[in-house]
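The values are calculated or read from the model by the stated rules, or taken from the named source; none is laboratory data. Everything quoted here is computed from the prediction, not taken from an experiment. Cβ: placed from backbone, ideal geometry, glycine included. Neighbour counts: every protein chain shown.
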Amino acid sequence: MSPAAHDLPRHIPIFPLRGSVLMPYGRLPLHIFEPRYRALVRDALAGEGMFGMIQPRPGHDANPCPPLYVTGCLGRIAAHRPLPDGRFLIVLAGICRFDLVEELAVETPYRQVEASYARWQGDLAPVGEAPELAARLLPRIQRYLDMLEVEVDRRALARMPFPVLLAMLATVLPFDPEEKQALLEAPDLAAQAAVLEGLLEIGLAGDTSRGRPN
């Protein structure tokens with residue numbers, strides 16, 4: 001059963017990571033090696049297993065506490081493997097997008113924020129099929145992957161519910177951080193599909209400098 005917005009934590013730890021977005025219905029594999037984020041994962045596993053992914057804004061690479069975009073996504077640790085030296089390999093499953101209300105003054109080595117889910121209630125609905133969006137975008141998706149010389153099971157792509165497919169592509173395709181953020185912030189599935197369609201068209205028009213999927 002999908003959670004209700006009022007069941008989601010209001011105060012959440014966050015993992016700011018530029019170039020990575022977590023989407024509702026998506027899964028994000030992460031290698032956790034920094035001490036502060038090892039502590040975050042340990043604390044999350046000792047509790048409800050949730051934390052937020054959010055991107056730092058551009059232009060602050062040297063800042064240890066960079067300003068953040070307003071919108072991120074809450075995730076739940078769906079799988080984890082501790083390594084002997086204290087690192088973790090985890091898979092984070094997207095639950096619901098959130099808006100950052102304010103950053104909290106905390107003593108933990110990792111940052112924490114107050115989150116609002118008010119704008120993103122639709123993320124908590126059961127995953128839908130959206131066959132018309134899939135039919136429109138699948139040919140472009142397949143052409144884009146062919147351009148990147150990525151071998152995929154086309155039948156498996158076609159069988160995926162479109163929100164799950166879109167979440168996967170937002171995670172793995174070599175889009176710029178701001179392009180990934182645009183996908184994350186698009187208000188609904190139709191708007192996300194329109195953003196994805198535009199990004200695919202740009203790539204298919206000749207931008208081959210991005211490299212292979214992550």
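For the stretch 19-32, a residue qualifies if it is in a strand (DSSP E or B), under 11 Å from the mean Cα position of the chain (by Cα) and more than 11 Å from Met53 (Cβ to Cβ), and the qualifying residues are Arg27, Pro29. Within the span defined as the stretch 99-107, every residue fails to be assigned to a strand (DSSP E or B) and touching a Cys at 6+ places or on another chain (Cβ under 6 Å). Among helices (runs of 4 or more DSSP H) entirely within the stretch 141-209, having at least 1 residues that are under 20 Å from Leu124 (Cα atoms) and touching a strand residue (DSSP E or B) at 6+ places or on another chain (Cβ under 7 Å) singles out 162-172, 177-185. Scanning the stretch 165-178 for residues that are surrounded by fewer than 19 Cβ atoms within 10 Å (Cβ to Cβ) and more than 9 Å from the chain's Cα centre (by Cα) returns Val172, Pro174, Asp176, Pro177, Glu178.
From the set of residues in the stretch 1-18 that are in a loop (DSSP other than H, G, I, E, B) and at pLDDT below 95, which is surrounded by the most Cβ atoms within 10 Å (Cβ to Cβ)?
Step one: of the stretch 1-18, the residues in a loop (DSSP other than H, G, I, E, B) are 1-4, 8-10, 17-18.
If we keep only those that are at pLDDT below 95 as well, we get 1-4.
Numbers: Met1: 4, Ser2: 11, Pro3: 13, Ala4: 10.
Checked the stretch 1-18; the qualifying residue surrounded by the most Cβ atoms within 10 Å (Cβ to Cβ) is Pro3.
When Val41, Val70 are screened for being buried (at least 16 other Cβ atoms within 10 Å of the Cβ), modelled with pLDDT of 95 or more and of a type outside the set (Lys, Arg), only Val41 passes. Selection of the stretch 127-180 for residues being polar (S, T, N, Q) and touching a residue at least 40 places away in the same chain (Cβ under 8 Å) yields only Thr171. Residues in the stretch 94-123 that are hydrophobic (A, V, I, L, M, F, W, C) and surrounded by fewer than 19 Cβ atoms within 10 Å (Cβ to Cβ) were compared, and the one that is nearest to the chain's Cα centre (by Cα) is Leu100.
Condition test on Arg57, is it surrounded by fewer than 19 Cβ atoms within 10 Å (Cβ to Cβ) and either touching a Phe, Trp or Tyr at 6+ places or on another chain (Cβ under 9 Å) or assigned by TED's automatic domain parsing to the domain that holds Ala186 (or both)? The answer is yes for Arg57.
Inspect the stretch 111-118 for any residue being within 20 Å of Phe98 (Cβ to Cβ), part of a helix (DSSP H, G or I) and outside the structural domain of Ala191 (by TED's automatic domain parsing) and give the result as yes or no. Before you say what the answer is, go through the steps one by one.
Narrowing the stretch 111-118 to residues within 20 Å of Phe98 (Cβ to Cβ): 111-118.
Going one step further and asking which of them are part of a helix (DSSP H, G or I), we end up with 118.
Subset that is outside the structural domain of Ala191 (by TED's automatic domain parsing): 118.
Looking for residues that are within 20 Å of Phe98 (Cβ to Cβ), part of a helix (DSSP H, G or I) and outside the structural domain of Ala191 (by TED's automatic domain parsing), one finds at least one in the stretch 111-118, hence yes.
Test Gly52 against the stated conditions and say whether it is over 12 Å from Thr171 (Cα atoms), small (Gly, Ala, Ser) and over 16 Å from the mean Cα position of the chain (by Cα). Judged against the criteria, Gly52 is not a match.
What number of residues in the stretch 56-98 are outside any strand (DSSP E or B) and either on the phi < 0 side of the Ramachandran plot or in contact (Cβ under 8 Å) with a residue 12 or more places away in the chain (or both)? Counting residues in the stretch 56-98 that are outside any strand (DSSP E or B) and either on the phi < 0 side of the Ramachandran plot or in contact (Cβ under 8 Å) with a residue 12 or more places away in the chain (or both) gives 17.
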